[in-house]
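Right, one structure below, let's go through it.
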Amino acid sequence: MRSGILLQRCPACEKTWAFPRERCPDCGGAPESFEASGRATLFSATVVTRAPDETFRALAPYRIALADLEEGPRIMAHLSAEAPIGAPLTGRVEEIAGRPIPLFKPA
Ligand SMILES: [Zn+2]
């Protein structure tokens, strides 16, 4: 299953990160992009009851998570169900409120 979660890594120093950059933040090397596996561990989660805009207000309450991807980076994502901290997750980018957002589920 494709995750659609795009990461970048530096071939020179092997640092991996989530937000697109033109240069490696550690050594300045030229990064390459790749797709994450979608496997992650739950670092933190919360329930959003006061959504940031009208579109998300229709979804509230909904869960937000910080997920540690197996490739290293920690990303913010939506979470489909309650899960304990440290739980294994699987996720992929889905359309939520008309936007491409990573959605994770307990594995
Ligand atoms: Zn580097």
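The values are calculated or read from the model by the stated rules, or taken from the named source; none is laboratory data. Remember, it's a predicted structure, so these values are computed and weren't measured experimentally. Counting neighbours? That spans all protein chains shown, and the Cβs are built from the backbone with ideal geometry, glycine included.
Please go through segment 50-91 and pick out each residue that is aromatic (Phe, Trp, Tyr) and either free of Cβ contacts under 8 Å to residues at least 24 places away in the same chain or in contact with a Gly (Cβ under 9 Å, 6 or more places away or on another chain) (or both).
Tyr62
Tell me which residues, restricted to segment 1-60, are among the charged types (D, E, K, R) and part of a loop (DSSP other than H, G, I, E, B).
Arg2, Glu14, Lys15, Arg21, Glu22, Arg23, Asp26, Arg50, Asp53 - these are the residues of segment 1-60 that are among the charged types (D, E, K, R) and part of a loop (DSSP other than H, G, I, E, B).
Restrict the check to segment 93-106 and report whether at least one residue is in contact with a strand residue (DSSP E or B) (Cβ under 8 Å, 6 or more places away or on another chain), within 16 Å of the ligand (Cβ to nearest atom) and modelled with pLDDT of 95 or more.
No, because not a single residue in segment 93-106 is in contact with a strand residue (DSSP E or B) (Cβ under 8 Å, 6 or more places away or on another chain), within 16 Å of the ligand (Cβ to nearest atom) and modelled with pLDDT of 95 or more.
If Ala51 satisfies all but one of (1) touching a strand residue (DSSP E or B) at 6+ places or on another chain (Cβ under 9 Å); (2) at pLDDT 95 or above; (3) small (Gly, Ala, Ser), what's the number of the condition it fails?
The number of the failed condition is (2).
Can you tell me which residues in segment 1-36 are of a type in the set (S, T, N, Q) and within 20 Å of Ile96 (Cα to Cα)?
Correct list: Ser3 only.
Can you pull out the residues in segment 48-62 that are under 22 Å from Ala87 (Cβ atoms), of a type outside the set (Ser, Thr, Tyr) and either within 16 Å of the ligand (Cβ to nearest atom) or touching a Leu at 6+ places or on another chain (Cβ under 9 Å) (or both)?
Val48
Which ones in segment 71-84 are at negative phi and surrounded by 12 or more Cβ atoms within 10 Å (Cβ to Cβ)? It would help to see each step written out before you state the result.
Of all residues in segment 71-84, those at negative phi come to 71, 73-84.
Of everything in segment 71-84, those that are at negative phi and surrounded by 12 or more Cβ atoms within 10 Å (Cβ to Cβ) turn out to be Glu71, Pro73, Arg74, Ile75, Met76, Ala77, His78, Leu79, Ser80, Ala83.
For residues that are more than 16 Å from the ligand (Cβ to nearest atom) and at pLDDT below 95, scanning just segment 1-38, find the one that is surrounded by the fewest Cβ atoms within 10 Å (Cβ to Cβ). Outline the logic, then answer.
First pass over segment 1-38, keeping only residues more than 16 Å from the ligand (Cβ to nearest atom): 1-6, 35-38.
Now drop any that are not at pLDDT below 95, which leaves 1-2.
Numbers: Met1: 7, Arg2: 10.
By that ranking, first place goes to Met1.
Determine if segment 41-49 includes at least one residue that is in contact (Cβ under 8 Å) with a residue 40 or more places away in the chain and within 11 Å of the chain's Cα centre (by Cα).
Yes, segment 41-49 contains a residue that is in contact (Cβ under 8 Å) with a residue 40 or more places away in the chain and within 11 Å of the chain's Cα centre (by Cα).
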